[in-house]
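Q: I'd like to ask some things about the structure below.
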Amino acid sequence: MSKIIITLPDQSKKEYESGVTIGEIAYDIGKRLGKDAIAGKINGKLVDLKTEVCNDSEIEIITFSSPEGPDVFRHTTSHILAQAVKRLFPEVQLAIGPAIDDGYYYDFATSQPFTPEDLEKIELEMNEIIRQDLPVERHEICRADAIRMFQEKGEKYKLELIEDLPEDAQISYYTQGEFMDLCAGPHLPSTGKVGAIKLTSVAGAYWRGDEKRGMLQRIYGTSFLSDKELKDHLERIEEAKRRDHRKIGKELDLFSLHDEGPGFPFFHPKGMIIRNELENYWKKEHIKRGYQEVKTPIALHADLWKRSGHWDNYRQNMYFTEIDEQGFAIKPMNCPGGMLLYKRDIHSYRDFPLRVGELGLVHRHELSGTLHGLMRVRCFTQDDAHIFMLPTQIVDEIQNVIKLADEMYRVFGFEYEVELSTRPEKAMGTQEEWDLATSKLQEALDSMGMSYKINKGDGAFYGPKIDFHLKDCIGRTWQCGTIQLDFQMPERFDLTYIGADGEKHRPVMVHRTIFGSIERFLGILIEHFAGAFPTWLSPVQVRILPIADRHVEYAMKIKQELFNDDIRVDVDDRNEKVGFKIREAQAEKIPYMLVVGDKEMESGNVSLRTREAGDQGSISTQQFHEMVVADIRSKRNPLTCNT
RNA sequence: GCCCACGUAGCUCAGUCGGCAGAGCGUAUCCUUGGUAAGGAUAAGGUCACCGGUUCAAUCCCGGUCGUGGGCUCCA
């Protein structure tokens, strides 16, 4: 009989009989580490604690605190959820129930939807199962037996899953008490190991994500080792709610949505100030980098969209209208208009790369259920640009765009993730073209040493793309910037340039955005700063608070001085006390407040109060003036990202 | 688009197991001229999302439409 030798964390070696399970070894290791072993990895693959170890196995032990740990105990919690549902509603069929970020869900096929009261009952039953501390056991059977077993139980979704597995597959299932579930594992050793649980919501979800298949009832929940961790988690969710751009947008009077225009946001004067600042900044940065700016029309003839491929590939997202008995479409993208502009002139290779920017208003008929504040709307302004170039310029030019995006995101203090999306199922062009385009994007990223994730099949219908996902203060990510290589549009529109040889050639084209859409970017900014914008973006930068009526004239004089320097300043001359005015200015997140009364009028100073630091004492008007101008010019970020 | 929940004053929300609709904030007017996060008084404000049904009577019960929220799918 062969022996298995394992090196323990303290470098001591221990010998085991063959047939030892990873659980037995984990127990020894766990004892030494003072931690609970909940699962193990053999050769990098998560396995159950009952899996046998061979001599050449590379073993890793998963504890509650290791990165995979939460997945394991949340997966077990999802089984506890399913068990509780089965106890209360025996007729319900089980679909799937994985661990997800921060929690888990389980999909059920039911005749009646779950009510909030049902959730409460299920939660109580789950706590009962945890209290019973049922051992979780792994079993393996062959595929045929598994099919027989789940047929008997009448679990048709489970059957479908098994039938998709290869003929010779060993099928694992798990039991805890009276409950059993098809599952690859791994799981906690017993249900009592789960700490605090909470069911968060119930929602509909399609079986296997396919809208043509049935709609299932999905219960979402989360679980943590301790009540404290659960409490912290729920507090983070509360913080996200406090930062919700829809709430802050209303409170700060930035924008609104109306029943009369679902998904078509209205921008209020204060929201427009931020928009305009963003757009002006965008224009400045682009002019610096050799971009020209154009504006193309919103409605264009249907023939153009047939030619561009949007008719065939994007029609279900487009709005149409009729002008003089001719079909027109409202543009969902800016490119076809840009193509027409390009074709007006004969272009020389000497003019390349030709960078043409457009803050273009596009309309897309998004499904009603997907609309979300400013993040997902039906009309939005893309900070678009089309770059025409020689094939040899692709890598350089894409790097230029990546650098521009990096610089602009940095100004706002954003961290971001990069993704590369490849050919989708519905796509124009040949595989070779796609491979070439994709490899160019990859080359640009690789040579800059960027780390990125590959999203297979997620590209646009005309080309592969690099996406920038911005991370907000509390770690959520949103897709904003995109760089899309397009070999199709130039072909379809027969774009040409005159090369050094005097002959016509086909240019390469890139579509790109940095903000993505002004609307979404503003939404993210609101949440990122929780409404406390850096001074350069603040709708009101300075508010002057006269103490009594006799100080208003002095306040107006200071206001005029600042106003002459394009500082956004107002005077709160309402008949209220200073305390009240400060309270309101603070709620409006105005960066600077100036209190003026008898003392200030006499000395010619102002009393400064800042949004972040409160009372700052007396300062000369001149000094304050210079301070604000410098602050605005620096685009400095406030220190609000500390959650 | 699909599943679930929701829709009451400008805002945040009570409320009516079917019988004249409520608070706080905000707004207006008046008093107060006050020194760093809410001074006081008075008043105006609602077809209870919309359309239909049941009923002596509907904001409430039922059906539909629209919208919003959380998900699915999709996406900047």
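The values are calculated or read from the model by the stated rules, or taken from the named source; none is laboratory data. Note that this is a predicted model, so its numbers are computed, not measured. Because the Cβ atoms are built from the backbone with ideal geometry, glycine has one as well, and the counts that use them run over all protein chains shown. Surface accessibility is based on the protein's heavy atoms, side chains included, excluding ligands, DNA and RNA. Shrake-Rupley method; radii C 1.70, N 1.55, O 1.52, S 1.80 Å.
Q: I'd like the accessible area for A:Lys86: 1.4 Å probe, protein heavy atoms, all chains in place, Å² to the nearest 10.
A: Using a 1.4 Å probe on the heavy atoms, I get roughly 50 Å².
Q: Taking all protein chains as present, what is the carbon and sulfur share of the accessible area of the stretch A:364-497, in % to the nearest whole number, probe 1.4 Å? All intermediate terms of the calculation are to be shown ahead of the outcome.
A: On the way: 2460 of 5420 Å².
Carbon with sulfur: 45 percent of the solvent-accessible area.
Q: A further question follows. Say each of A:Thr610 and A:Ile287 gets a label point 7 Å from the Cα, pointing the same way as Cα to Cβ; how far apart are those two points in nm?
A: Simple spin-label model gives 3.1 nm for this pair.
Q: What does the charge count near A:Lys41 come to, summing +1 for each Lys or Arg and -1 for each Asp or Glu among other residues with Cβ under 9 Å from its Cβ?
A: Details: positive: A:Lys45; negative: A:Glu58, A:Glu60, A:Glu68.
Once all neighbours under 9 Å are counted, the net charge is -2.
Q: Mind checking which aspartates and glutamates have their Cα closer than 14 Å to the Cα of A:Lys247? Skip sequence neighbours fewer than 8 apart in that chain.
A: Correct list for A:Lys247: A:Glu238, A:Glu239, A:Glu527, A:Glu588.
Q: Counting helices only, and only those DSSP H runs with n ≥ 4, report the 222 nm mean residue ellipticity of chain A as the sum of -39,500 (n - 2.57) divided by its residues, in deg cm²/dmol to the nearest 500.
A: Working: 19 runs with 226 residues, N = 643.
Calculated mean residue ellipticity at 222 nm is -11000 deg cm²/dmol.
Q: Using the scaling law 2.2 N^0.38 Å as the reference, what is the normalised Cα Rg of the stretch A:536-575? The partial results should precede the final answer.
A: Numbers: Rg = 10.3 Å, N = 40, 2.2 N^0.38 = 8.9 Å.
Taking N as the residue count of the stretch A:536-575, the ratio is 1.15.
Q: Can you work out the accessible area per residue across the stretch A:115-231, with the rest of the protein chains kept in place, probe 1.4 Å, in square angstrom? Display every interim value, and only then the final one.
A: Numbers: 6150 Å² over 117 residues.
Result: 53 Å² per residue.
Q: From the Cα gyration tensor of the stretch A:267-316, with a ≥ b ≥ c the square roots of its eigenvalues, which class applies: rounded if a/c is under 1.5, or else prolate if a/b is larger than b/c, or else oblate? Present the calculation step by step, with values, prior to reporting the outcome.
A: Working: a/c = 3.32, a/b = 1.76, b/c = 1.88.
Cα axes put the stretch A:267-316 in the oblate bin.
Q: Right, here's the next one. Among residues other than A:Glu366 whose Cβ falls under 9 Å from its Cβ, what is the net charge (Lys/Arg +1, Asp/Glu -1)? Before the final figure, lay out each step's value.
A: Details: positive: A:Arg364, A:Arg376, A:Arg378; negative: none.
For residues surrounding A:Glu366, the net value is +3.
Q: Related question: With a 1.4 Å probe and all protein chains kept in place, how do A:Cys335, A:Cys142 rank by accessible area, largest first? Can you show the working numbers first?
A: Values: A:Cys335 5, A:Cys142 55 Å².
I get A:Cys142, A:Cys335, largest accessible area first.
Q: If chain A were replaced by its equivalent ellipsoid, with semi-axes equal to the square roots of 5 times the Cα gyration tensor eigenvalues, what would those be, largest first, whole Å? Intermediate results must be reported in sequence, preceding the final value.
A: Values: eigenvalues 530, 284, 132 Å².
With the √(5λ) rule applied to chain A, the semi-axes are 52, 38, 26 Å.
Q: Okay, moving on. On average, how much accessible surface per residue is there in the stretch A:390-501, in Å², for a 1.4 Å probe, leaving out ligands, DNA and RNA? Don't skip to the end; give the middle numbers.
A: Values: 4850 Å² over 112 residues.
Value for the stretch A:390-501: 43 Å² per residue.
Q: Of A:Lys284/A:Lys581; A:Lys270/A:Lys331; A:Lys45/A:Lys156, which ones are farther than 31 Å apart at the Cα?
A: On the way: A:Lys284/A:Lys581 36 Å; A:Lys270/A:Lys331 28 Å; A:Lys45/A:Lys156 29 Å.
Where the Cα-Cα span goes over 31 Å, the pairs concerned are A:Lys284/A:Lys581.
Q: Follow-up question, since we're still on this one. For A:Glu160, put the label point 7 Å out on the Cα→Cβ axis and report which residues of the stretch A:70-100 keep their amide N under 15 Å from it.
A: Residues A:93-97 fall inside that zone.
Q: Along the charge dipole of the stretch A:295-389, pointing to its positive end and built from +1/-1 on Cβ of Lys, Arg, Asp and Glu, which listed residue (A:Tyr314, A:His363, A:Ile387) has its Cα farthest out?
A: A:Ile387
Q: Which entries of A:Lys288/A:Lys471; A:Lys50/A:Lys158; A:Lys283/A:Lys589; A:Lys250/A:Lys465; A:Lys228/A:Lys577 show an alpha-carbon separation above 32 angstrom in the structure shown?
A: Details: A:Lys288/A:Lys471 27 Å; A:Lys50/A:Lys158 23 Å; A:Lys283/A:Lys589 27 Å; A:Lys250/A:Lys465 35 Å; A:Lys228/A:Lys577 42 Å.
Among A:Lys288/A:Lys471; A:Lys50/A:Lys158; A:Lys283/A:Lys589; A:Lys250/A:Lys465; A:Lys228/A:Lys577, the Cα-Cα distance tops 32 Å for A:Lys250/A:Lys465; A:Lys228/A:Lys577.
Q: Mind pulling up the Rg/Rh value for the stretch A:1-102? Radius of gyration and Kirkwood radius, both on Cα.
A: Numbers: Rg = 16.6 Å, Rh = 15.3 Å.
Rounded to two decimals, Rg/Rh equals 1.09.
Q: Ignoring ligands and nucleic acids, what accessible area does A:Arg218 show with a 1.4 Å probe (Å², nearest 10)?
A: Surface accessible to solvent at A:Arg218 totals approximately 40 Å².
Q: Considering only Cα-Cα distances, which of the following residue pairs are longer than 20 Å: A:Lys306/A:Lys456; A:Lys14/A:Lys41; A:Lys403/A:Lys440?
A: Working: A:Lys306/A:Lys456 27 Å; A:Lys14/A:Lys41 18 Å; A:Lys403/A:Lys440 16 Å.
Beyond 20 Å between Cα atoms: A:Lys306/A:Lys456.
Q: Here's something else I'd like to know. Rounding to the nearest 20 debye, state how big the charge dipole of chain A is about its Cα centre with +1 on each Lys and Arg Cβ and -1 on each Asp and Glu Cβ.
A: Working: 84 positive and 105 negative charges, 210 e Å.
Dipole magnitude for chain A comes out near 1000 debye.
Q: In the stretch A:543-643, carbon and sulfur make up what percent of the accessible area (probe 1.4 Å)?
A: Numbers: 2800 of 5800 Å².
C and S atoms contribute 48 percent here.
Q: Still on this structure: Which value results for Rg/Rh of the stretch A:42-96 when Rg is the Cα radius of gyration and Rh the Kirkwood radius based on the inverse mean 1/r?
A: Details: Rg = 15.5 Å, Rh = 13.6 Å.
Value, to two decimals: 1.14.
Q: Let me ask something additional. Would you mind checking the stretch A:443-470 for residues with the amide N under 19 Å from a putative spin-label position 7 Å along Cα→C-beta of A:Gln399?
A: A:443-452, A:466-467
Q: I want to check the label-to-label distance for A:Gln151 and A:Glu251. Put each point 7 Å from Cα in the C-beta direction and report it in nm to one decimal.
A: 6.1
Q: Let me know the shape class of the stretch A:233-362, please: from the alpha-carbon gyration tensor, a ≥ b ≥ c as square roots of the eigenvalues, rounded when a/c is under 1.5, otherwise prolate if a/b is greater than b/c, or oblate.
A: Details: a/c = 2.40, a/b = 1.46, b/c = 1.64.
Here the stretch A:233-362 falls in the oblate category.
Q: Among A:Pro67, A:Val569, A:Leu525, flag the residue with its Cα farthest along the positive direction of the charge dipole of chain A, charges on Cβ as +1 for Lys/Arg and -1 for Asp/Glu.
A: A:Val569
Q: Continuing with this model, one more query. Ranked by accessible surface with a 1.4 Å probe, highest first, in what order do A:Ile5, A:Ile567 come? Can you show the working numbers first?
A: Values: A:Ile5 90, A:Ile567 5 Å².
Final ranking, largest accessible area leading: A:Ile5, A:Ile567.
Q: Using the Kirkwood formula over every pair of different C-alpha atoms, what hydrodynamic radius in Å results for the stretch A:330-473? Don't skip to the end; give the middle numbers.
A: On the way: mean 1/r = 0.0584 Å⁻¹.
About 17.1 Å, per the Kirkwood formula over Cα pairs.
Q: A:Glu68 versus A:Thr477, label points 7 Å from Cα toward the beta carbon: distance in nm?
A: Result for the modelled spin labels: 2.2 nm.
Q: Roughly how many Å² of A:Ser634 are accessible to a 1.4 Å probe, to the nearest 10?
A: Accessible surface of A:Ser634 is approximately 70 Å².
Q: Under a straight-distance cross-link criterion of Cα-Cα below 16 Å, which lysines are reachable from A:Lys153, leaving out those fewer than 8 residues away in the same chain?
A: A:Lys86
Q: Which order do A:Glu68, A:Glu425, A:Glu491, A:Glu584 take by accessible area at a 1.4 Å probe, largest first?
A: Values: A:Glu68 40, A:Glu425 195, A:Glu491 95, A:Glu584 60 Å².
Solvent-accessible surface, decreasing: A:Glu425, A:Glu491, A:Glu584, A:Glu68.
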